[in-house]
1. Go through (1) in contact with a strand residue (DSSP E or B) (Cβ under 7 Å, 6 or more places away or on another chain); (2) touching a residue at least 40 places away in the same chain (Cβ under 8 Å) and name the single condition ALA227 misses.
2. Could you pull out the residue among ASN368, ASN392, ASN373 that is in contact with a Lys or Arg (Cβ under 8 Å, 6 or more places away or on another chain) and open to solvent by less than 10 Å² (accessible area, probe 1.4 Å)?
3. Of the residues that sit in the range 276-309 and are of a type in the set (Val, Ile, Thr) and buried (at least 16 other Cβ atoms within 10 Å of the Cβ), which one is modelled with the highest pLDDT?
4. Within the range 218-243, track down each residue that is assigned to a loop (DSSP other than H, G, I, E, B) and either open to solvent by 10 Å² or more (accessible area, probe 1.4 Å) or polar (S, T, N, Q) (or both).
5. Restrict the check to the range 474-492 and report whether at least one residue is open to solvent by less than 50 Å² (accessible area, probe 1.4 Å), among the β-branched types (Val, Ile, Thr), under 21 Å from GLN377 (Cα atoms) and out of contact with any Gly (no Cβ under 9 Å at 6 or more places or on another chain).
6. Do we have PRO305 as over 17 Å from ALA201 (Cα atoms), of a type outside the set (Asp, Glu) and not in a helix (DSSP H, G or I) here?
7. With a cut-off of at least 1 residues that are within 24 Å of the chain's Cα centre (by Cα), of a type in the set (Ser, Thr, Tyr) and crowded, with 23+ Cβ neighbours inside 10 Å, name the strands (runs of 3 or more DSSP E) lying wholly within the range 94-175.
8. Mind checking whether some residue in the range 254-264 is under 25 Å from ALA342 (Cα atoms), open to solvent by 20 Å² or more (accessible area, probe 1.4 Å), small (Gly, Ala, Ser) and in contact with a Phe, Trp or Tyr (Cβ under 6 Å, 6 or more places away or on another chain)?
Amino acid sequence: MLTGGDALAQQLVLEGVTDVFGVPGVQLDWAVDGLRKARERIRYVVARHEQASSYMADGYARSTGGVGVCMVVPGPGLLNAMAGLSTAYACNSRVLCISGDIYSPAVGKGLGLLHEIRNQSEILGSVTKWNGRPGRAEDIPALVRRAFQELNSGRPQPVGIEIPHDMLSAIADMSLVQPVVGPGPTTPDTRAIERAADKLAKARLPVAYVGGGVMAGAASEALKSFAEKLQIPVVMGENARGSISDRHPLALNSLEGRALFPHADLVLVIGSRFVDTAMGRPAWPSDAITQYIYLNIDPTTWDPPRRADVAIEADCKAGLEALERACARRGPLRIDLSKVRAWAEEQMREIEPQGAWVRALRAAIPDNGVLVNELTQVGYFARIAYPVYLPNTFITPGYQGTLGFGFPTALGAAAADTGRMVVSINGDGGFGWGMQELATARKYDLNVAIVVFNDGHFGNVRKMQQDQFGKEFGVDLLNPKFDRLADAFGIPYEKFDEPGALEKSLRARSETYGPILIEARVGQMPSPWHLLRLMPPPFASDKKVAPNPLGPVPVGR
């Protein structure tokens with residue numbers, strides 16, 4: 001005989017969950033009591049805001065490749081968690097959101113119960129690939145089991161369950177459900193593999209473009225092996241950084257990829273939506289390339305406006321392994337990628353002081369350290385300028401672009417693995433979304449270095465206003481005294497005006513433990529956006545990318 005809350009906690013234990021992030025509340029009382037009883041096996045990390053709890057679950061999931069769990073009250077609690085869930089949805093992150101719900105007989109009746117909102121299930125469904133609720137308390141273990149089946153099959157994205165509080169408090173004869181090995185990865189159609197292999201064999205210059213699906217599908221080793229056999233350059237999108245090491249001779253960032261795409265006669269798109277996030281166009285104009293092959297577990301990723309000459313619906317790892325078996329070894333690459341890298345490096349050299357700050361971060365953070373990026377001027381440039389050497393060590397907000405996601409997401413990464421350095425870079429604007437979570441960092445002694453680049457403004461919005469209107473409005477900030485803020489939470493504080501001091505401080509982190517707040521005083525910085533995106537008006541910059549280092553596009557290619 002168990003309460004619904006006990007059954008929930010015990011089923012989570014069976015599923016291998018060791019950490020739950022959340023904020024307690026009345027509809028969760030019995031669920032939290034279940035976690036109390038299971039506290040030797042599950043740690044309950046209490047955030048100061050539900051938004052932070054969902055971000056922490058996302059950071060936990062993406063830094064480990066596993067599942068992150070958050071638990072919130074219904075209504076305002078779930079609404080607060082939506083930003084983190086939307087980011088997890090955008091970034092193919094395995095997050096389980098457990099939401100309480102009102103008294104079950106009153107659901108949908110609009111009686112005005114505490115935390116009641118209309119159509120809560122539909123709201124949760126907008127940021128999850130599957131969501132469900134029990135019909136009775138005895139269904140809770142099976143519901144949790146179903147949630148984990150959904151998390152570990154198909155496209156990895158968040159799932160959600162809602163449990164009314166009367167079912168959490170109900171006592172019944174509960175049967176836990178033993179996890180079983182689920183179906184294997186989705187394997188590709190043999191004919192599609194054969195067609196793709198034939199096109200790759202005939203291509204003069206094939207190029208692979210990879211997205212976050214490679215990381216989510218644990219396909220990094222398969223990608224490396226495939227690329228080496230075919231001697232195919234690999235252009236990594238922002239969410240794919242680290243899928244193969246930037247030290248690898250075939251690895252390229254998105255700026256370097258711009259030099260190759262006009263010369264390619266075939267692009268193999270792996271685990272990516274392959275669209276420009278500003279206008280929804282293909283990431284590279286379709287008329288510039290002869291053929292496209294798409295490999296993705298989600299067949300909607302090659303729908304218009306994209307074009308697929310061959311479409312392979314499969315898990316990225318299984319698909320790459322099948323392609324490698326089907327393809328003959330190609331000779332050495334005839335394009336000089338060193339010219340491409342030198343071309344990109346020359347243009348990136350103009351973006352200062354961001355470049356100096358990024359170099360300091362890379363010099364100080366170990367290869368296996370985690371950098372959680374943010375929507376700040378240094379962070380924008382880091383998307384292409386920060387070398388990444390291992391999977392799951394560079395975390396971004398993906399296409400959601402959720403300002404303020406970085407700091408709480410870094411706390412989740414730090415909670416997941418206390419043996420790795422975790423660094424969170426923030427602008428002073430974005431840091432304001434979650435600065436209360438300094439309490440969480442201190443309470444749980446999370447090993448995270450929090451760097452705040454302080455220019456007193458929403459810096460990117462300011463620059464765009466200046467470029468478009470010649471004026472700025474609503475972008476200046478009133479910030480706290482960051483030294484006093486850190487002291488209020490009992491967290492060490494340092495302040496620097498130049499990158500070398502930041503590098504020295506982060507290097508010293510190997511001898512210390514726990515959170516630290518670092519304020520980096522900066523001024524207005526030049527925009528790197530002409531190097532990051534093919535931007536349409538009114539966002540387009542008057543700065544242009546340098547002429548292609550590989551020369552004009554071959555005639556008749």
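The values are calculated or read from the model by the stated rules, or taken from the named source; none is laboratory data. All of these numbers come straight from a predicted model, not from anything done at the bench. Because the Cβ atoms are built from the backbone with ideal geometry, glycine has one as well, and the counts that use them run over all protein chains shown. Side chains are part of the model used for accessible areas, which takes the heavy atoms of the whole protein and leaves out ligands, DNA and RNA. Shrake-Rupley method; radii C 1.70, N 1.55, O 1.52, S 1.80 Å.
1. (2)
2. ASN373
3. Per the stated criteria, the residue is ILE293.
4. The answer is ALA218, GLN231, SER243.
5. No, that holds for no residue.
6. Considered against the rule, which asks whether it is over 17 Å from ALA201 (Cα atoms), of a type outside the set (Asp, Glu) and not in a helix (DSSP H, G or I), PRO305 comes out as yes.
7. In the range 94-175, 95-101 are the strands (runs of 3 or more DSSP E) which contain 1 or more residues that are within 24 Å of the chain's Cα centre (by Cα), of a type in the set (Ser, Thr, Tyr) and crowded, with 23+ Cβ neighbours inside 10 Å.
8. No, the range 254-264 contains no residue that is under 25 Å from ALA342 (Cα atoms), open to solvent by 20 Å² or more (accessible area, probe 1.4 Å), small (Gly, Ala, Ser) and in contact with a Phe, Trp or Tyr (Cβ under 6 Å, 6 or more places away or on another chain).
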